[in-house]
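No lab work stands behind these numbers, since they all come straight from the coordinates. Since the structure is predicted, the reported quantities are computational estimates derived from the model, not experimental observations. Because the Cβ atoms are built from the backbone with ideal geometry, glycine has one as well, and the counts that use them run over all protein chains shown.
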Amino acid sequence: MAEPEAGQGRQMEGRARPVRLPFASTVFSQALMAASGAGLALFVLLHLLGNAAAYLGRAAFLAYARHLHGLGPLLPAMELCLLLLAATHVVTGTMLTLHNLQSRPLPYRVKAIRAASLSSRLMPLSGLVILLFLAVHVPAFRRPAGPSAELVRITLSRPGMATFYLLSLAALTSHLSHGLWSLFQTLGIVAPRYDQPLRRAAVIVSLLAGGVFMLLPLLALVWPDFLR
Ligand code: HEM
């Protein structure tokens, strides 16, 4: 086992042992986060395209719902994949966060926190908000026979619920923005000349996705005929 670097032993004194990572490697855990995150981001994008049918009116939204539920056994298979991806992402992400908090040498902590972007610092919090959102959203909307336009309109037009959706979607935008950039890093696109364009691309894609989702509760809130 590698000896601790000079001074590190003293910094670690009196602190808990770092959380053991799955398969004992930070690199593998980060790859697991990137792969599961990419799968979840793909779901969010497809879900966004499906829900965007609501902008075209009730008939388009119901046609999307019929199409989705016409997939037969493919739908529960996709739901199972989604659940496995989400479980992998949440468990590995929690362990990585705890591991990083417990093994970071103290003198570098302040500098590292200052250098990190806001969305990167908010990752654990925005992830937690998304988890809470899903605990409310999935039981509220998921119906074996397919989504109901009335249910979506009535739910999103309640001011409390619309506010909860808007705050959660802001958390999703922030999480997606840093997550996409991290994904590029894990894929090895690390040349300094790509840094700014990739950061910008991640922010633009996340803002677009968050904005298209957010307009739905906003429309339901102000337009009584939404999805009628
Ligand atoms: C205003 C924004 C949103 C609307 C209007 C919306 C709408 C819906 C509807 C109608 C369903 C039910 C689909 C069905 O019964 O087959 C659903 C399911 C679901 N939504 Fe959303 N959604 C929104 C945002 C999100 C976001 C941001 C996420 C992820 C972070 C998400 C994750 C899910 C999941 C995981 C399911 C369950 C999928 C399944 O089990 O088939 N939704 N959503």
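Some points to look at:
- Residue, nearest to residue 75 (Cα to Cα), within region 131-180, restricted to residues that are among the hydroxyl-bearing types (Ser, Thr, Tyr) and within 11 Å of the ligand (Cβ to nearest atom): 148
- Which listed residue, of 126, 168, is in a helix (DSSP H, G or I), hydroxyl-bearing (Ser, Thr, Tyr) and in contact with a Ser or Thr (Cβ under 8 Å, 6 or more places away or on another chain): 126
Yes/no matrix, rows are residues, columns are (1) surrounded by 12 or more Cβ atoms within 10 Å (Cβ to Cβ); (2) touching an Asp or Glu at 6+ places or on another chain (Cβ under 8 Å); (3) in a helix (DSSP H, G or I):
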site	(1), (2), (3)
175	yes, no, yes
197	no, no, yes
212	yes, no, yes
217	yes, no, yes
225	no, no, no
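- All positions within region 32-72 that are of a type outside the set (Gly, Ala, Ser), free of Cβ contacts under 8 Å to residues at least 24 places away in the same chain and more than 13 Å from the ligand (Cβ to nearest atom): 56
- Of the residues in region 141-160, none is within 18 Å of the chain's Cα centre (by Cα) and either assigned to a loop (DSSP other than H, G, I, E, B) or touching a residue at least 12 places away in the same chain (Cβ under 8 Å) (or both).
- Residue check for residue 85: without any contact (Cβ under 8 Å) to a residue 60 or more places away in the chain and within 13 Å of the ligand (Cβ to nearest atom): yes
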